[in-house]
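A short write-up of the structure that comes next.
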Amino acid sequence: MKKRLFLLPSMAVNNIRKNGSTYFPYIGVSIFAMFTFFVFDLIRKNDVMRTIPKAAYANGLVAVGFVLLMLIMVPFLYYTNSFLIKRRKQELGLYSILGMEKKHIGVMMFWESLIVYGIVMAGAIVLGLLFSRLIFLLLLNLAGLPVEAHFSVSPVAIVDALVFYAFVTGLNLFVNLVQVGKARPVELMSGSRKGEKEPKHIWFFGFAGLLALGAGYYMAVASKMDGMIFANFFLAVFLVVLGTYFLFTSGSIALLRFLKRRKRFYYRTENFVTVSGMLYRMKKSAASLSNICIFGTMTMITLICTVSLWLCTDSIIQLSYPHSFSASFLGNQDEAALWAQLEEIAKDTGVTYNDYVCSSFVQVTACREGSRFSPKSSESAPGYPDWYIVKLMDAAAYGRMEGQAVELEPGEALVFSTGPDYGNDEIFIGETTWRVKEELTRSRIARKVEADEFNNWYLVILPDEAALGQAAAVFGLNLSENRLFKMEVSPEGETEAVEAFCREADAQFRQVEGYAGCRDNRENMESEEGMYGGLLFIGIFFGSIFLICLLIIMYYKQITEGFEDQKNFEIMQKVGMSDAEIRKTIRKQILLVFTLPLAGAVCHTLIGMRMVMLLMAAIRCVETGVILGCTAGICIVFAVFYSICYKRTSATYYRIVKKMG
């Protein structure tokens, strides 16, 4: 009785051990996936993440990353399981022929799944406990948060990992049981070597793939920075993924059929074996190639965004906060007196300063329709991107700010845009028309970045105070009450000295009539640096995940095709095919499938960069030259790395097909 009780579990252990070449890579992949899941959940649930200063951004980013990780891991682990069950079908068919009932095979498969589950979770949790603190410190360091923070292990994270992998294991086991249960023993015996039927309606799927891919490409190229940009991004990604799968499935078969019809090409030893072998497993090969293409695209885009963000972090913060300190006043102010007072405060506190800017303007929020700026009303169409901040300034104030005389005739205006050019010869404010004498390309008040479509605002310089008052009245503002006088400077020195400078300036300026307050931007700058550090962490983590997934799919593709082709090459050698011809055939086969995913991934990446740059602009990463340079460099590096990996995996394929008899 005891022997019967332990028979199926012992068979399960022996099966895993004897099929190590199939099971061990699957176990390794699963440990990697669950280690990543467990570490993410540990960081997300750590008490420190709720108490560390400036950690709100990192918390949000880790939470988003965790959801994305689950969405990636479920289909990825299901995909790797499909390779495993195909390799096991012949063995399971043999058990069935020898008299083992399907229910006993099912129980044995359950024990195998349970043993793998235990090994995977033990390995993932142990590795997670060993390396989670190191990864957590990396996140803190990149986000600019205190690295001496205490890291604790949440038991809930362990439970989450156990439940999540139990769900994945149960899903895979259910699929495996259905496949084995529905198949006859003879079908199982030939299942690992069974050729695939050609899918029907390949021209329909080919057309659908082109349509989906074209729609996704169009959305990526024609996208604009509006309220639908994120929804459009995910829709474009979905269409490109769908189109890629359809095109690889239908297009690869159409290509192989075309090559087969070319008799002079097809009836050569290396071409015959290559084309017939690929037709033999066309759907599985197409699925692998489309997944390689998609993961390659995700890897490149993630790395481009990550490297660009790393290189542009200082530029982003400088663009958001050109000065670390500002003091604001309402009404007309004596600039010379306030400036002298600020100099005295800097001298007393021992700080220096640079890039002093003093501006006097009226700020309004206006709806732009072509060249017309108008105030918000009940008839105005709400929503982004028609609403802009407009700073109205008279010529005298602008001249003082820039340190040069500015002359404007009545009815003339100067316009400065911090983003794309204004691009019109006239500007309408209410019912008044102003002729644009010149569109300025630079100003001390802000840096111009033409690629920044998301955060741009306008500066309009009018001839005199009367014209300024007239324009302000359109928006219901009184010039004497709503004129804003702003002093901006970047104090430098010891942290305590800069803090003393800010406190003293606030205390002294409170005595000035019309004082509206001081702003110390250093904390905001540190918060933004923490946000970009968190994004950098997410980018590094997900870039690594996508790359490893890509390598695993390439590896599985080569070893499964190697085992499938082993008998074929053995037969071909018996009928006179030489070792050199085998190598030539393998090279030909790899050449046919090597360039397709790479070319598709590079094409997807280049087309998608328009939308990616818009999304990057939303966080003020607008250094177009840097992003384009990163794109070119990463595409080249990825192509080289991809070539090396394919060469190494093809060597594995060759070693497998050489193990004959």
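The values are calculated or read from the model by the stated rules, or taken from the named source; none is laboratory data. The structure displayed is predicted, hence computed values, not measured ones. Because the Cβ atoms are built from the backbone with ideal geometry, glycine has one as well, and the counts that use them run over all protein chains shown. For accessibility, only protein heavy atoms count, side chains too; no ligands or nucleic acids. Shrake-Rupley method; radii C 1.70, N 1.55, O 1.52, S 1.80 Å.
Tabulated data
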item: Filter result for GLU450 (touching a strand residue (DSSP E or B) at 6+ places or on another chain (Cβ under 8 Å), closer than 29 Å to ALA617 by Cβ, open to solvent by 20 Å² or more (accessible area, probe 1.4 Å) and among the charged types (D, E, K, R)); result: no
item: Residues of the range 482-498 that turn out to be over 19 Å from GLU335 (Cβ atoms) and touching a residue at least 12 places away in the same chain (Cβ under 8 Å), as a count; result: 5
item: Subset of the range 462-484 (residues that are open to solvent by less than 40 Å² (accessible area, probe 1.4 Å), over 12 Å from GLN363 (Cα atoms) and among the aliphatic types (A, V, I, L, M)); result: LEU462, ALA467
item: Options LEU259, LEU247, LEU235: the member that is buried (at least 21 other Cβ atoms within 10 Å of the Cβ), out of contact with any Lys or Arg (no Cβ under 6 Å at 6 or more places or on another chain), of a type in the set (A, V, I, L, M, F, W, C) and at pLDDT 70 or above; result: LEU247
item: Residue list for the range 210-232, restricted to those being at pLDDT below 85, surrounded by 14 or more Cβ atoms within 10 Å (Cβ to Cβ) and outside any loop (DSSP other than H, G, I, E, B); result: ILE229, ASN232
item: Failed item in (1) open to solvent by 30 Å² or more (accessible area, probe 1.4 Å); (2) under 25 Å from the mean Cα position of the chain (by Cα); (3) modelled with pLDDT of 75 or more, with PHE546 passing the rest; result: (1)
item: Near pairs, Cβ below 6 angstrom, 6+ apart or cross-chain, from the range 154-167 (in a helix (DSSP H, G or I)) to any residue that is open to solvent by 20 Å² or more (accessible area, probe 1.4 Å); result: VAL156/LYS45; ALA157/LYS45
item: Criterion (open to solvent by less than 50 Å² (accessible area, probe 1.4 Å) and under 43 Å from the mean Cα position of the chain (by Cα)) met by exactly one of VAL498, VAL512; result: VAL498
item: Failed condition for SER490, given (1) among the small types (Gly, Ala, Ser); (2) open to solvent by less than 40 Å² (accessible area, probe 1.4 Å); (3) on the phi > 0 side of the Ramachandran plot; result: (3)
item: Which listed residue is modelled with pLDDT of 85 or more, part of a helix (DSSP H, G or I) and within 36 Å of the chain's Cα centre (by Cα), from SER326, SER285, SER308; result: SER308
item: Answer from MET34, MET49, MET73 - the residue that is at pLDDT below 70, open to solvent by less than 10 Å² (accessible area, probe 1.4 Å), on the phi < 0 side of the Ramachandran plot and part of a helix (DSSP H, G or I); result: MET49
item: Single residue of the range 421-431 satisfying the filter (open to solvent by less than 40 Å² (accessible area, probe 1.4 Å) and not aromatic (Phe, Trp, Tyr)) that is farthest from PHE475 (Cα to Cα); result: ILE427
item: Flag if ALA500 is closer than 25 Å to ARG400 by Cα, of a type outside the set (S, T, N, Q), modelled with pLDDT of 90 or more and outside any strand (DSSP E or B); result: no
item: Residue list for the range 330-354, restricted to those being among the β-branched types (Val, Ile, Thr) and surrounded by fewer than 15 Cβ atoms within 10 Å (Cβ to Cβ); result: THR352
item: The lone exception for PHE542 - which of (1) in contact with a strand residue (DSSP E or B) (Cβ under 9 Å, 6 or more places away or on another chain); (2) over 26 Å from LEU330 (Cβ atoms); (3) of a type outside the set (Asp, Glu) it fails; result: (1)
item: Cross-chain or 6+ apart pairs with Cβ under 6 Å, the range 459-477 first and closer than 13 Å to ALA396 by Cβ, then hydroxyl-bearing (Ser, Thr, Tyr); result: ILE461/TYR398
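Let's see how each residue does on (1) of a type outside the set (Lys, Arg); (2) at pLDDT below 70; (3) within 16 Å of ILE16 (Cβ to Cβ):
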position: LYS103; (1), (2), (3): no, no, no
position: SER113; (1), (2), (3): yes, no, yes
position: VAL126; (1), (2), (3): yes, no, no
position: ARG133; (1), (2), (3): no, no, no
position: VAL156; (1), (2), (3): yes, no, no
